[in-house]
1. Got a sec to turn the phi values of region 336-342 into Karplus ³J(HN,Hα) couplings, 6.51 cos²θ - 1.76 cosθ + 1.60 with θ = phi - 60°, whole Hz, x for Gly and Pro?
2. Which of the pairs K263/K331; K39/K113; K252/K363; K5/K162; K38/K58 have their Cα atoms more than 25 Å apart in this structure?
3. What does the charge add up to near Y37, with Lys and Arg as +1, Asp and Glu as -1, over the other residues with Cβ less than 12 Å from its Cβ?
4. Whole-Hz Karplus ³J(HN,Hα) for region 313-330, in order, using 6.51 cos²θ - 1.76 cosθ + 1.60 and θ = phi - 60°, x for Gly and Pro?
5. Please list, in chain and number order, the residues 5+ apart from I299 or on another chain whose amide H is under 5 Å from its amide H, with Hs placed from the backbone.
6. Which of D55, D157, D305 comes first, and how do the rest follow, when ranked by fewest Cβ neighbours within 10 Å?
7. Taking 0.36 nm per residue of sequence separation and subtracting the Cα-Cα distance, how much length would be gained by fully extending the chain between H202 and I134, in nm to one decimal?
8. Restricting things to Cα coordinates, could you compute the convex hull volume per residue of region 244-304 in Å³?
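Values quoted throughout were computed directly from the atomic coordinates according to the rules given, and no laboratory measurement underlies them. Source: prediction; values computed, not measured. Every residue, glycine as well, gets a Cβ built from its backbone with ideal geometry; the counts of neighbours run over all protein chains shown.
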Amino acid sequence: MLDLKTMKSALQQLEEERKIPKEKIIEAIEQALAAAYKKDYGKKGQIIRAHFDMDSGKTEFSQIKIVVDDSLVRIVEEGDEEEEEEVVEEGDERVRFNPEHHILIEDAQKIKKGVELEEEIIFPLEAQDDYGRIAAQTAKQVIIQRIREAERGSILDEYGDKEGEIVNGIVQKIDRGNVFIDFNRATGVLPSSEQIPGERYHQGGRIRAYLYQVEESPRGINLRLSRTHPKLIEKLFEIEAPEVAGGVVEIKSIAREPGNRSKIAVMSHDENIDPVGSLVGQRGIRVTTVMNELNGEKIDIIEWDEDPAKFVAAALSPAKVLDIEIDEEEKKATIEVVDDQLSLAIGKGGQNVRLAAKLTGWKIDIQGMEGEKDESTDEDKENQPAGGDESETETAKEENPPADVEEKSTSANPPAGGVEKDSDNKENPSADEEETKDDDPLRQSSSEASKENQPAGEEEKESSPEEEPKDPKGSSPDASEEASREK
């Protein structure tokens, strides 16, 4: 007798851990019991089915026969095997009649009235509880195989619904550049071609990837993952921006060079919502989160426009477009920019214009304009701040040097016999300076202008002239020289 309590707990555990429905497991047990019964007590070609009652633990066995006639099977009598081979060679698709598998319609009508062709007739069989070792082994293999098939089907149903979504897993191992990611019930593969350049993975680390394909193979379910797929950015923004998840803001197109830069064109279905601001977020927190997830990849977000000229011009941002010509037939755009904006419009290695062409689907030709560059420099000169008057004051200083400079030049060549006058002038320098200032008003005005253009600190220094060092005895050094000469 079977321990029904233990069996029920095992079925419940399988249902919780492997997500296999209880009905599937019971069906596998019934198929295993039918295989074991046929192994020990059945005949070749028989169709045997078993019905297992979970409440009582009893098993009922039955044989199934299919209703046929001459149009479906070949009835071969004993001794006519050679004729049968000739009929097969002629291309007859009918199968050979097997009394254990088929029943003629004339006989079936005697058992059940109104029976039709290819209908099943059930014949009950005697139940058996004693099975041999081989039959038990056969039943075990059938149960294992059916449980694996049921588990594979549940995994396929679960991850089949997640195809085209972002999945989270743990890095299981890294083999020849391919990263194997564990998802508890299934294992995903991240090929080297789908990895972001320069990104490093460590065993046991968590990883986010885009599930772009779920395929069934003899070894199990294979999950194909990608970190370079353009849809990965769209799904990340759906997680970060509720406007994108709700469908108010739509991502129209994406152009991506994984690990370097991406461009996204967005539009809003609500006039009151800014599509670019929705993806950028407050202080750029939303786009920064996505950039960090993509290993620092730069993201340009532009607003989509129905006008191809405006859309192509916006796609070349941050470069400023002066003029654009659209050729609808060839789907080509010729763009003119200032010379100093030419390198910015093309980008490093042509990256900016290449991404813009992918984003818009237009061929883009960029040309520079020299004249515009000169005009922009003239405008800069006209808009120069008022601080440029300082150069004029400096030239005024050079043309009209201060009065004390001229006094030094005159004192450098004193007249003959003027030693006493020099000494007298040195004793009273302030009186001479006052006289020169009063005599020459032009010098006075120039010195006042120079004082106005000087910083505040320098004006204080000039206002307090330096005092000449005095002899401790109270006499100047020139007077002492004269006294020595008289002696």
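1. Per residue, the Karplus-derived 3J(HN,Hα) values read 10, 9, 5, 4, 6, 9, 5 Hz.
2. K39/K113; K5/K162
3. -2
4. So the Karplus estimates, Gly and Pro as x, are 5, 5, 5, 8, 4, x, 6, 9, 9, 8, 8, 9, 10, 10, 10, 5, 5, 8 Hz.
5. S262
6. Values: D55 6, D157 10, D305 16.
Starting with the residue having the fewest Cβ neighbours, the order is D55, D157, D305.
7. Separation in residues times 0.36 nm, less the Cα-Cα distance, equals 19.7 nm.
8. 78
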